Structure formats: structure tokens, C-alpha cells
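Here is the structure we will look at, set down as C-alpha cells.
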Amino acid sequence: MPSRKKAPKRNEDEGLVEYVSFRATRWIGSTASLIFHTIIFIGAFSLYFFDIPFQTILLFLTTIVSLEAIYLSIFIQMSVNRQDKRLREVSIDVGEIQEDVEDIAEDVEEMQEDVEEIQQDIDEIQEDVDEIQEDVDEIQEDVEEIQEEDDTPLPSSNNVNPEMLSRIELALKELGKEIAEMRRNNK
């Protein structure tokens with residue numbers, strides 16, 4: 001058995017007339033209304049068999065149906081106005097959502113540009129690291145060549161400036177650390 005929807009409760013800002021118009025238009029469009037009106041019409045026409053003149057029955061029915069039509073048209077117009085108000089509110093909401101979507105799209109475009117710039121920076125850093133690595137490799141080759149060409153023993157510790165030697169060692173260690181750091185950042 002299908003479940004019946006419960007009618008909404010009356011809001012505080014909604015007047016009694018609006019509430020009644022909502023209920024009436026909802027009821028008029030139901031099967032119960034069809035059955036009710038059919039019974040009323042059959043009952044009204046059956047009054048003819050109780051010696052009530054047919055013209056009186058028609059006059060009474062016409063009057064009742066006309067009054068009902070007037071009130072129904074008012075109620076229906078109230079429902080249309082209520083729906084129109086809701087549609088305008090939804091339209092405003094849709095406009096705000098559209099603006100939000102446009103703002104998000106702009107943000108995404110800006111982020112894409114930032115990502116592209118970062119990628120370019122990474123590529124440039126990688127090129128610099130490659131160049132430094134080539135320079136280090138060349139220096140290493142030069143050092144090896146010099147050592148091969150120079151069979152003379154290294155100068156004795158008496159002739160070498162220990163301070164200069166320690167500075168060179170420190171500079172080479174720092175250079176090695178920077179190269180290692182650049183490799184880690186690019187991976």
C-alpha cells in the first residue's frame with residue numbers, strides 16, 4: 001500500500017489563507033476529490049426523483065460549481081504565485097552558485113599557471129645541477145690527469161700551507177653536499 005505524504009505543517013510566516021489554499025489545491029487534485037464530486041453530482045441529480053424541479057437542481061448546481069470554480073482559481077493562482085516566488089529564490093541561488101563556479105575555475109587556472117612556473121623552475125634547477133655535475137666530473141678528470149702526469153711525490157708537509165689545505169678540503173666537502181642536496185630535491 002503506497003504511503004501517503006503528510007501535508008506540511010503551517011509555517012509561522014504563512015497565513016491561514018495561504019495554508020488553506022495549499023491544502024485545497026492539493027486536495028482538489030486527488031482521487032478523493034474526484035470521488036467526492038462524483039457523489040455530490042449524482043446526489044444532486046437524484047433529487048429530481050424527489051419531486052424537485054430539474055431547473056432548480058441545475059440552478060443550485062451551477063451556483064455551487066461557479067462559486068467553487070472562483071475559489072479554486074484564486075487558490076490555484078496563490079499556488080502559482082508561491083511557486084513563482086520559490087523559482088525566483090532558486091534562480092538567485094543558481095546565479096550565486098554560477099558565480100562560485102566561475103571563481104573556482106579562475107582559481108584553478110591560476111594554480112595551473114603556478115604549477116607550470118614551478119615545473120619550469122625545476123627544469124632550470126635540473127639543468128644547473130647537470131652542468132655542475134659535468135663541471136665536477138671535468139675537475140675530477142683534470143685532477144686524475146694531473147696526478148697521472150705528475151709522478152713527483154706530493155710536496156712534503158713542510159712546504160704545504162696547512163690552512164690552505166684545510167680550506168680546500170672544506171670547500172670540496174661543501175660542494176659535494178650541495179650537489180647531493182640538489183640531486184635529492186630533483187628526484
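A few comments on the model shown:
- Selection status of Arg82, surrounded by 10 or more Cβ atoms within 10 Å (Cβ to Cβ), part of a helix (DSSP H, G or I), basic (Lys, Arg) and in contact (Cβ under 8 Å) with a residue 24 or more places away in the chain: yes
- For the stretch 21-40, filtered to residues that are without any contact (Cβ under 8 Å) to a residue 12 or more places away in the chain and aliphatic (A, V, I, L, M), the residue that is nearest to Thr63 (Cα to Cα) is Ile40.
- Subset of the stretch 102-142 (residues that are closer than 11 Å to Ile179 by Cα, of a type in the set (A, V, I, L, M, F, W, C) and out of contact with any Lys or Arg (no Cβ under 9 Å at 6 or more places or on another chain)): Ile132, Val136
- Options Asp150, Asp142; residue that is at negative phi, at pLDDT below 80 and exposed (fewer than 10 other Cβ atoms within 10 Å of the Cβ): Asp150
- Residues of the stretch 46-85 that are more than 50 Å from the chain's Cα centre (by Cα) and of a type in the set (Val, Ile, Thr): Ile52, Thr56, Ile57, Thr62, Thr63, Ile64, Val65.
- For Phe50, the conditions (1) surrounded by 10 or more Cβ atoms within 10 Å (Cβ to Cβ); (2) of a type in the set (Phe, Trp, Tyr); (3) at pLDDT 90 or above all hold with the exception of (1).
- Residues (surrounded by 13 or more Cβ atoms within 10 Å (Cβ to Cβ), under 56 Å from the mean Cα position of the chain (by Cα) and of a type in the set (A, V, I, L, M)) located in the stretch 33-45: Ile40
The values are calculated or read from the model by the stated rules, or taken from the named source; none is laboratory data. Since the model is a prediction, treat every value here as computed from it, not as a measurement. Because the Cβ atoms are built from the backbone with ideal geometry, glycine has one as well, and the counts that use them run over all protein chains shown.
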